[in-house]
Every structure is written in structure tokens, then in C-alpha cells.
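For reference, the structure is listed below as C-alpha cells.
The values are calculated or read from the model by the stated rules, or taken from the named source; none is laboratory data. All values reported here derive from a predicted model rather than from experimental measurement. Note: ideal-geometry Cβ built from the backbone for every residue, glycine included; neighbour counts use all protein chains shown.
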Amino acid sequence: MSSEWWFTLLVGLVALERVAELVVSQRHAAWAFARGGVESGRGHYPVMVVLHTGLLAGALAEVWLRRPDVIPVLAWLCVLVVAASQALRWWCIATLGRQWNTRVIVVPGAGLVARGPYRLVRHPNYVAVVAEGLALPLVHTAWVTAAVFTVANAGLLAVRIRCEDAALVAASPQVGAEATR
């Protein structure tokens, strides 16, 4: 099997992981809304969906159309980073439990989570997103996709993090002090 097919398999596995996230997210959203959860940031959510779908589609398109050479050391290092980013993402999901979502939904009074990876970094899930967005395309030297996603994602994350922090502050004044530290 060619390196393009192996890469396609890897991207397919990441896509399946995304589907699993969406299933979990929908369940958590139903739980949150049943408890008075308030959603913020609806305007940027479709942009996030397009950007993340574009990462997968763009990486595949670049690899199959441009057919860049694989740099073995870079490829294996990036596979490790992709795997680590998945592990970090699911650690975040497990730590937040039903409070985790792909949308910004805050349940009033739920409180700020400060355990697991959140005791180390304020937004660890976005560390995983940034690492994966750079590493996944570079597994097969798709540097154009890696660069475009990284720049676009930086702009999106600036909006998203402000939105999340504001939603947490609005939901609970005592959380506000922690969210803005």
C-alpha cells in the first residue's frame, strides 16, 4: 500500500474520532440544556466546523494532488503528536464529563473545572487542536494545509476563547475571577 493510502487511513481514523466527539457532544448538550444550560458563540461554530472539516479534506487533497515526499523522521514524530493530541483531547473530555461540548454551553452554577489537564493549562483542549492541526498534515508533508489551518485556527481560537471565558463569567461571578486569571 502506498504512503498516500496509509495517510488516507490515518485521516479516516481521525474523522471517525471526530464523529465520536460529535455523538458525545450531542448527549452532553441535551444534558446541559435540561439543566438550564446557556449556549454562546453560535456565530463562530459553523466556521469551526468548516475549518476542522477543511483540515481533513485539505490534507487529503494536498497529499493526493501534490504527492509530496514523506520525510520518515517527520512523519513518525507527527504520528506521535497526533496520537498524543487525541489522548489529551479525551483526557479533557473525561475530566469535564458532561460539561464538555464542541459548542459553548455553560450550565449555571456548574463551576469551573480545575483538575486533570485543566490544573496545568487553562484551555488544554485547544493545545490538542493546535498540535493536531499542525502535525496531521505534516505526517505526509502537506505543509500548505498545516500552514493554512494553523493561521486560520489562530484567528478562530482567539474568538472562541474570548467567547468561552465570557460565558463562564456570565454564568457565575465567582467563576469569573478564575476564568480571567
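A few comments on the model shown:
- In the set (1) of a type in the set (D, E, K, R); (2) under 19 Å from L9 (Cβ atoms); (3) in contact with a Lys or Arg (Cβ under 9 Å, 6 or more places away or on another chain), R67 fails one condition alone, (3).
- On inspection, G36 qualifies as assigned to a loop (DSSP other than H, G, I, E, B), farther than 27 Å from V144 by Cα and not β-branched (V, I, T).
- Pairs where the first residue, in the range 162-176, is more than 17 Å from G36 (Cβ to Cβ) and the second is modelled with pLDDT of 90 or more and of a type in the set (A, V, I, L, M), C-beta under 8 Å, 6+ apart: C163/V104; E164/V104
- Residue among V73, V104, V24 that alone is within 23 Å of E164 (Cα to Cα) and surrounded by fewer than 17 Cβ atoms within 10 Å (Cβ to Cβ): V24
- Scanning the range 108-129 for residues that are surrounded by 19 or more Cβ atoms within 10 Å (Cβ to Cβ) and β-branched (V, I, T) yields a single hit, V129.
- If only residues of the range 77-132 that are in contact with a Gly (Cβ under 8 Å, 6 or more places away or on another chain), touching a residue at least 60 places away in the same chain (Cβ under 8 Å) and not charged (D, E, K, R) are counted, the one that is farthest from L10 (Cα to Cα) is P108.
- For the range 130-147, a residue qualifies if it is assigned to a helix (DSSP H, G or I) and crowded, with 18+ Cβ neighbours inside 10 Å, and the qualifying residues are A131, E132, G133, L134, A135, L136, P137, L138, T145, A146.
- Selection status of E62, in contact with a His (Cβ under 9 Å, 6 or more places away or on another chain) and either closer than 13 Å to H140 by Cβ or not in a helix (DSSP H, G or I) (or both): yes
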